[in-house]
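**Student:** Here it is, the structure, as structure tokens.
The values are calculated or read from the model by the stated rules, or taken from the named source; none is laboratory data. Remember, predicted model here, so these are calculated numbers, not experimental data. In this analysis, Cβ positions are derived from the backbone assuming ideal geometry, glycine residues included, and neighbour counts consider all displayed protein chains.
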Amino acid sequence: MLALKNIRSLGTGYRLPRPLTLYVKEGQLASLTVDNAGMFLAAILARMPADGYISIDSERITPSTIHVMKSCMGYLPEQLPSEKMTVDELVDMFFGSEAGIDDYSRSMLTREWTSLGVDRAVGDKLLSDLDDAELRKVCLAMIGVARRKVILVDNPTKNMDYDDRSRVAEYLRQLASDDRLVVAATTDELIIGKSNVVLR
């Protein structure tokens, strides 16, 4: 379970109009629609100080404990990489193996890409040649295949048309239903409509 309790401020000066408390269990999709929702994701990742209590499975998240917890977390930032590398190189780097991704995981990743409307041959393309929506779907599928227990996504349907937004909303719901907890910083009503928990 992810718990945010009595969060009063974020960063070095952003005070909330009222203290915020949120609980998200495995199997749930949560939408954060509050102002500066992405800052909450940064606080969960201990990249930003928060006045309050944040924990995963009752273990408090702090800068000194986050390195242990990161292995169970997947994060899709709003700003994505645009380096001169191919998608396949990004995949190999993400999965952290000199030999690259194994055949089974590659097959799963290709299937996830297809379900999100990504061309199966995307691996040879440079990241800089992909539009933002396609790169966002590529990265989201990588997080899904990596089997992270906690998935945090910041504006996951940014720059997407209705069909892509629908696919991503359904994909996030499916990830949550696979006994993971998913938290989206979003104002997209398609995602909000599939959420178990909504913080407005």
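**Student:** Would you please name the residue that is modelled with the highest pLDDT, looking only at residues in region 42-85 that are hydroxyl-bearing (Ser, Thr, Tyr), outside any strand (DSSP E or B) and under 19 Å from residue 182 (Cα atoms)?
**Tutor:** Quick first cut of region 42-85, residues hydroxyl-bearing (Ser, Thr, Tyr) only: 53, 55, 58, 62, 64-65, 71, 75, 82.
Now restrict to residues that are outside any strand (DSSP E or B): 58, 62, 64-65, 71, 82.
This time we only want the ones that are under 19 Å from residue 182 (Cα atoms), so: 58, 71.
Numbers: 58: 92, 71: 84.
The selected residue is 58.
**Student:** List the pairs whose first member sits in region 176-200 and is among the aromatic types (Phe, Trp, Tyr), whose second member is modelled with pLDDT of 95 or more, and whose Cβ atoms are under 7 Å apart, counting only residues at least 6 apart or on separate chains?
**Tutor:** none
**Student:** Any chance you could count how many residues in region 98-134 are hydroxyl-bearing (Ser, Thr, Tyr) and touching a residue at least 40 places away in the same chain (Cβ under 8 Å)? Before the answer, list the steps.
**Tutor:** Step one: filter region 98-134 for residues hydroxyl-bearing (Ser, Thr, Tyr), giving 104-105, 107, 110, 114-115, 128.
Cutting the leftovers down to touching a residue at least 40 places away in the same chain (Cβ under 8 Å) gives us 105, 115, 128.
Number satisfying all stated conditions: 3.
**Student:** Something else now. How about region 118-156: which of its residues are basic (Lys, Arg) and either part of a helix (DSSP H, G or I) or closer than 21 Å to residue 44 by Cα (or both)?
**Tutor:** Hits for region 118-156 are 136, 137, 147, 148, 149.
**Student:** Kindly check whether there is at least one residue in region 86-96 that is assigned to a helix (DSSP H, G or I), of a type in the set (D, E, K, R) and at pLDDT 95 or above.
**Tutor:** Checked region 86-96: no residue is assigned to a helix (DSSP H, G or I), of a type in the set (D, E, K, R) and at pLDDT 95 or above.
**Student:** Can you tell me how many residues in region 12-41 are in contact (Cβ under 8 Å) with a residue 24 or more places away in the chain, within 22 Å of residue 78 (Cα to Cα) and under 20 Å from the mean Cα position of the chain (by Cα)?
**Tutor:** Residues in region 12-41 being in contact (Cβ under 8 Å) with a residue 24 or more places away in the chain, within 22 Å of residue 78 (Cα to Cα) and under 20 Å from the mean Cα position of the chain (by Cα): 15 in total.
**Student:** If you scan region 67-125, which residues turn out to be on the phi > 0 side of the Ramachandran plot and crowded, with 16+ Cβ neighbours inside 10 Å?
**Tutor:** Taking region 67-125 as the starting set, the residues that turn out to be on the phi > 0 side of the Ramachandran plot are 96, 100, 117.
Across region 67-125, the qualifying residue is only 117.
**Student:** While we're on this one: Within region 147-154, can one find any residue that is modelled with pLDDT of 95 or more, surrounded by fewer than 20 Cβ atoms within 10 Å (Cβ to Cβ), over 27 Å from residue 103 (Cβ atoms) and of a type outside the set (A, V, I, L, M)?
**Tutor:** No: region 147-154 contains no residue that is modelled with pLDDT of 95 or more, surrounded by fewer than 20 Cβ atoms within 10 Å (Cβ to Cβ), over 27 Å from residue 103 (Cβ atoms) and of a type outside the set (A, V, I, L, M).
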